[in-house]
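Heads up, the thing below is written out as structure tokens.
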Ligand SMILES: Nc1nc2c(c(=O)[nH]1)N[C@H]1C(S)=C(S)[C@@H](COP(=O)(O)OP(=O)(O)OC[C@H]3O[C@@H](n4cnc5c(=O)[nH]c(N)nc54)[C@H](O)[C@@H]3O)O[C@H]1N2
Ligand SMILES: Nc1nc2c(c(=O)[nH]1)N[C@H]1C(S)=C(S)[C@@H](COP(=O)(O)OP(=O)(O)OC[C@H]3O[C@@H](n4cnc5c(=O)[nH]c(N)nc54)[C@H](O)[C@@H]3O)O[C@H]1N2
Ligand code: SF4
Ligand code: SF4
Ligand code: SF4
Ligand code: SF4
Ligand code: SF4
Ligand SMILES: [Mo]
């Protein structure tokens, strides 16, 4: 069964325990930062910061909301990053996590562009760089533990479990408290569904989540890629055919002027038609 | 068939371009130093690339533009060998040279851009057939090989190596066809790579038929590049090509550009997005410049016989097509491609240094090849034409 | 906390005021959230919109320092709308007591004020007593001199408009808060109050909490599941340190530190043992002598005997009226009275109010020993920016110490749970456990005294101290805290209850005849013959109503009672006011009380609920406070406005040692406050040295409203200067709608806020907010007023 995480933003208190726990578990170094007029730091995710909590001041008229949103890889059901990866270094596992194979990656960074959530990050400042992103703590899962961030969360904002069950839980919460939540489980449908699901009290576009349709990102590329084998056949056949025709016509013409077949005609014999 | 090959090299005709080559050499040296820094300190040390924008000048210009601009090779090969339009024979070699150099430049640039270029061979053993880039990678690899083979007679002739020449000759047509197939695939697949960014590319450019648009525009620009490059080479290297040949190519362009235009606008029409052409601010402007300046204007120009009768007009008109394509590729893969929120990208000077070095190397190689290899066929009297004309 | 963390889940209304639980007690929010899942209303009252406010159903802004006005308005609202729980109020509080008719309150001052010493003579605040010396009562609560009527009268002035004009809280917000909390006067509903430094750090901090207590008593919410007054304690073991009384005025178990005038043990005990003739009052403190003598037996062992008053004379005595509190220490240092300092597990160069003065005071020392995990601003005060190390003579020693996970022991959390912790890893390098350092210190002092006794060696040489040559055995210490029988303990029939050498079961077995020794009566029962109760880890909730007591997890003082004053959760017949969430209930003579450990096992009606109070009832009227029996709104020491209630203005009994350090309103028109952020810990030593935390909050910042920023032409993210009469620091401006200007007395008053976590040491450094804060303290506790002062901000 595929695992996932239900992230209930109404429960997130922005403590960033998850952010620190992720670094601790994954041995990620701190980054040099400076206060840029916000509590948020590091300002964005990077190869050394796989998850960040964003602090969103959302005002509606007189009302002010301060909504905290932990962001990391969504572990898409049909991940664009994996579709993109030139060597198949990124892969969706049946257990849920979208994993990365250090040994394959050539560092082309196509995955970073393909990901609709801006997730994969690259080691820009090393001579032997890799892609880095949240792993859903597959290594911990292998030992029967929940992800480090979920473990650290003091307020049960990060619920780790079977995606199907989490989805039901999310629906149950929306139904029980329609006054508290917007009627949207982000990740249920987005880009064909993601292992990580979010529920929140304000619309997701106000929290910096991209607005995405239900179709998987690789849908167009898949069509194009499917067209490759027929294209090979059709183009080869067409070219051979045309060649055969033009050659034959040339033969016939050259017979008329008694030029040996093997010999190339003089260029000026061919007039534009 | 005569056994001996008569190749008259033009090295004797013009003095060696010392100034030009020195300038190119300096530019290449600068690029080399920058590349060394990159290999010691990482890509971040010499570029403004970031997670916010992981592909920049190198991919947009060196790869997307580079590959399209090198399309002259396969279009001309098709014209001459498959369509059997022998009139264009005199320029096919230089077109193939340009293509070959173009692809080598692309690969060199990728060596700098890839995080771990020494693993490029991974695409041979680790397959991901779903990835458009995987296909591009394979095609570029194979096509460069094909181009090398197509180009090899120049070298074999130069050094009078008959056995390989014969060998190449026997597989000439399959090779040409393979080149065309590969080009069709990867020219279009370059468009497919962008299909994985449906929500990031501005709707004026994003369309599921990007691969088709990429292919069509590549064919047009291939021809335009041949005109442009041949005209420039005529000037710079002093070998004249018959105006007739250039005009002939020019005559095909209105049809190709027209087809591209119809497909492109038709697609917008079908998608109901035509109004974006005027309602998207800067993007509309860029789009219109690209379409009007790079497609419609040259289409009209090439349709005018007067233009086709003037070398200068041909040169400028083809330049329009080339610039239009460059703008198109930059638009679709750089300008109209949204970076991650809160980030922006302006290429670093050192990124330009790399691209300039790569282009310099290409130009230098072109000059040298033209000097020392039997490229400029058309200058030879008919009787001195080489026996094997492999493109 | 009267209750405990998990109990918060039982609340219907949660008032978080004077604390920022989401940021400073993140785990508490698990229980807040669970309560909200069950429909509870969360209220956040804070000068700024915090991470707590972000989760609240109701947020009400309040100008720093005006909580008593806010709460006084609530008291009036409860009284005016008769929302109080009458039965509870009559049965369990002193609302019915008649007060001395000479008690008055005029022009902001209670009767008995002595301006020369700036303190109160509290005689007129006492109750009227009958011939048996039992306080007179009027259960109808009608008598004009009864507490209830005095309360009404006192808060008459706190109408909505007045409150709003003081606090700056919009009236609509006040009403929302008042009606939500007022709704819990209904016995079916219950409210809890979570407070911390936002209430305490004022010159009337204790009165803030008194006001909350009055409200909770009126509503009948004390002793109840989901109720109570809950101080969210700070440092992880600050509750334990308070219980063991690491303060100048108390000894372990909240016994009083002797003063010079108590010349004998008998006099000391007599003075501190409350007397009450009301047979219904348990008056638990009547056992004072047992706890005091057992403590002395622990201190001095066999040296403590009846004939030497158990060594009472070896205890240091305070000068009468002497003050040795935090603020006073630095003054004494500057005066040269204090020559040496053990800065043990603290960093006053950052945490101390008016920190520049603290840093200066350290220069006056001959020596200082810093016992710490890090080289802090305190241990490196002599090389702080602007200091000339060559001219500073203080000899500084830095002893590296083991961190909490590098040693075994217990810590007591806010909910009074003493939890055993095991050592996880060895300390690095030369670091040693605190107990090792203390043990070595004592051993060496004793050797020195033995060699050269000097005039008064006995306190050292008579001390019973035998913890071996190394690290003290924490189990031995814990057992001593529990107490044991020194000689056989016998009952009145001379049966041996506890044989000599055995642990006492709990403090009910302690005696004042020298047969028992106990280091802290409050913890008696934590490590008895049944074992180390603090190490229990049974996470099954055995309470029949499932209120989350987890009584077999660790151990809570006193006697493993999880909710104190729990007898007040029932009426006089032992019937719980709220059957669904009962804490204890009387099930008849056989099973007696069911549920939590009751506050004394007497049958209902036999004894009153508040057994630690002399009269057995909780105090709505507080006659022992230093600054008045009812909380009154005073302005902070530094305030931008006049007090509309009276001309007195500030608390007449507040503590100010340096009056010249006060800033003028025209020079410093902005209200400043200081607080914490989740990402940093206190003075920052523990977090600014941790890269992962340093990167999250790298710079000192000051938060302000867009309106103020516009006035001062400050943009978000710009560096600014914050200045007060004490100092000036640089900070990054965070301009945010989470701050708003207040309308006070029809004038616009701006407030800014800043964390106090930065200093000049560590991975990330920055200005210390305490360079700005004032050197004044609360009338009762002397805690510095670091939550409200005057300052100014301008562009760098
Ligand atoms: N992350 C973290 N947690 C901590 C600590 C830490 O340093 N970092 N320290 C621990 C310690 S020792 C303690 S004592 C506790 C303290 O815990 P808290 O008391 O919660 O801590 P503060 O942030 O100092 O103050 C709480 C709130 O009071 C508000 N406030 C300021 N003035 C007033 C006022 O006049 N009235 C009201 N109603 N509110 C006001 C502030 O805006 C702030 O939001 O936290 C403990 N927990
Ligand atoms: N302006 C302003 N000032 C304030 C406050 C405020 O709200 N505003 N809050 C006040 C409050 S509530 C408090 S509690 C004080 C806190 O003031 P301090 O207690 O001075 O601050 P901490 O940083 O907690 O200092 C604890 C020190 O103990 C060290 N330490 C940690 N573990 C151990 C150990 O096991 N053994 C030993 N020996 N040392 C250890 C840490 O490294 C740290 O240096 O600050 C007060 N100051
Ligand atoms: S969120 Fe991005 S990186 Fe993560 S699985 Fe989806 S496409 Fe891949
Ligand atoms: S950077 Fe690595 S993981 Fe990403 S697409 Fe390229 S090869 Fe795959
Ligand atoms: S699942 Fe693991 S890797 Fe992903 S954010 Fe959480 S802690 Fe980090
Ligand atoms: S640990 Fe939990 S509550 Fe804290 S920021 Fe992360 S998700 Fe939010
Ligand atoms: S004591 Fe520790 S676990 Fe508990 S809330 Fe504070 S930091 Fe979190
Ligand atoms: Mo504290």
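The values are calculated or read from the model by the stated rules, or taken from the named source; none is laboratory data. Everything numeric in this text was worked out from a predicted model, so none of it was measured. Ideal geometry is used to build each Cβ from the backbone, glycine not excepted, and the neighbour counts take in all protein chains shown.
Do you know which residues across segment C:360-403 are under 21 Å from residue C:334 (Cβ atoms) and within 11 Å of ligand 2 (Cβ to nearest atom)? Listed by number, the residues that qualify are C:369, C:370, C:376, C:377, C:378, C:379.
Taking the criterion of being touching a strand residue (DSSP E or B) at 6+ places or on another chain (Cβ under 7 Å), assigned to a loop (DSSP other than H, G, I, E, B) and near ligand 3 (Cβ under 9 Å from one of its atoms), would at least one residue in segment A:114-124 satisfy it? Yes: segment A:114-124 contains one or more residues that are touching a strand residue (DSSP E or B) at 6+ places or on another chain (Cβ under 7 Å), assigned to a loop (DSSP other than H, G, I, E, B) and near ligand 3 (Cβ under 9 Å from one of its atoms). Pairing each residue of segment C:735-748 that is within 14 Å of another protein chain (Cβ to nearest Cβ) with any residue that is part of a loop (DSSP other than H, G, I, E, B) and surrounded by 13 or more Cβ atoms within 10 Å (Cβ to Cβ), provided the two are 6+ apart or on different chains, yields C-beta distances under 6 Å for C:735/C:716; C:738/C:48; C:738/C:49; C:739/C:48; C:739/C:705; C:740/C:705. Scanning segment A:81-102 for residues that are within 11 Å of ligand 4 (Cβ to nearest atom) and in a loop (DSSP other than H, G, I, E, B) returns A:85, A:86, A:87, A:88, A:89, A:101, A:102. Residues that are more than 10 Å from the chain's Cα centre (by Cα) and either away from ligand 6 (no atom under 16 Å from the Cβ) or crowded, with 23+ Cβ neighbours inside 10 Å (or both): does segment A:111-118 have at least one? No, segment A:111-118 has no match at all. Restricted to strands (runs of 3 or more DSSP E) entirely inside segment C:313-432, those with at least 1 residues that are in contact (Cβ under 8 Å) with a residue 12 or more places away in the chain and within 30 Å of residue C:8 (Cβ to Cβ) are C:409-412, C:417-421.
Among the criteria (1) farther than 23 Å from residue C:642 by Cβ; (2) away from chain A (no Cβ under 14 Å), the one residue C:52 does not fulfil is (2). If only residues of segment C:243-261 that are over 19 Å from residue C:297 (Cα atoms) and surrounded by 15 or more Cβ atoms within 10 Å (Cβ to Cβ) are counted, the one that is farthest from ligand 7 (Cβ to nearest atom) is C:259.
Residue under question is residue C:773, and the condition is that it be within 25 Å of residue C:49 (Cβ to Cβ), within 12 Å of chain A (Cβ to nearest Cβ) and either in a loop (DSSP other than H, G, I, E, B) or within 16 Å of ligand 7 (Cβ to nearest atom) (or both); does it hold? For residue C:773, the condition - within 25 Å of residue C:49 (Cβ to Cβ), within 12 Å of chain A (Cβ to nearest Cβ) and either in a loop (DSSP other than H, G, I, E, B) or within 16 Å of ligand 7 (Cβ to nearest atom) (or both) - is not met. Across segment C:661-681, not a single residue is classified as within 11 Å of chain A (Cβ to nearest Cβ), under 30 Å from residue C:28 (Cα atoms) and within 16 Å of ligand 5 (Cβ to nearest atom). For residue B:115, the test of being closer than 22 Å to residue B:347 by Cβ, surrounded by fewer than 24 Cβ atoms within 10 Å (Cβ to Cβ) and not assigned by TED's automatic domain parsing to the domain that holds residue B:358 is passed. Every condition in (1) at pLDDT 95 or above; (2) surrounded by fewer than 19 Cβ atoms within 10 Å (Cβ to Cβ); (3) in the same structural domain as residue B:176 (by TED's automatic domain parsing) is met by residue B:309 except one, and the failing one is (1). The residues of segment C:462-486 that are loosely packed, with under 15 Cβ neighbours inside 10 Å and not in a loop (DSSP other than H, G, I, E, B), listed by number, are C:475, C:476.
Only one of B:248, B:191 is within 12 Å of chain A (Cβ to nearest Cβ), more than 30 Å from residue A:214 (Cα to Cα), out of contact with any strand residue (DSSP E or B) (no Cβ under 9 Å at 6 or more places or on another chain) and touching a residue at least 24 places away in the same chain (Cβ under 8 Å); which? I'd like the intermediate steps shown before the answer.
Working: B:191 fails: more than 30 Å from residue A:214 (Cα to Cα).
Of the residues listed, the single one that is within 12 Å of chain A (Cβ to nearest Cβ), more than 30 Å from residue A:214 (Cα to Cα), out of contact with any strand residue (DSSP E or B) (no Cβ under 9 Å at 6 or more places or on another chain) and touching a residue at least 24 places away in the same chain (Cβ under 8 Å) is B:248.
When C:71, C:42 are checked against the criterion of being away from ligand 8 (no atom under 16 Å from the Cβ) and either assigned to a helix (DSSP H, G or I) or away from chain A (no Cβ under 14 Å) (or both), a single residue qualifies: C:71.
Number of residues in segment C:487-508 that are more than 27 Å from the chain's Cα centre (by Cα), touching a residue at least 24 places away in the same chain (Cβ under 8 Å) and crowded, with 20+ Cβ neighbours inside 10 Å equals 3. Of all residues in segment B:296-313, those satisfying the criterion of being part of a helix (DSSP H, G or I) and over 15 Å from residue B:257 (Cα atoms) are B:305, B:306, B:307, B:308, B:311, B:312, B:313.
Which ones in segment B:32-50 are surrounded by fewer than 21 Cβ atoms within 10 Å (Cβ to Cβ), within 8 Å of chain A (Cβ to nearest Cβ) and not in a helix (DSSP H, G or I)? Hit for segment B:32-50 is B:42, nothing else. For segment B:116-147, the set of residues classified as without any contact (Cβ under 8 Å) to a residue 40 or more places away in the chain, at the interface with chain A (Cβ under 7 Å from one of its Cβ atoms) and under 23 Å from residue A:222 (Cβ atoms) consists of B:122, B:123, B:126, B:127, B:128, B:129, B:130, B:131, B:134, B:137, listed by residue number.
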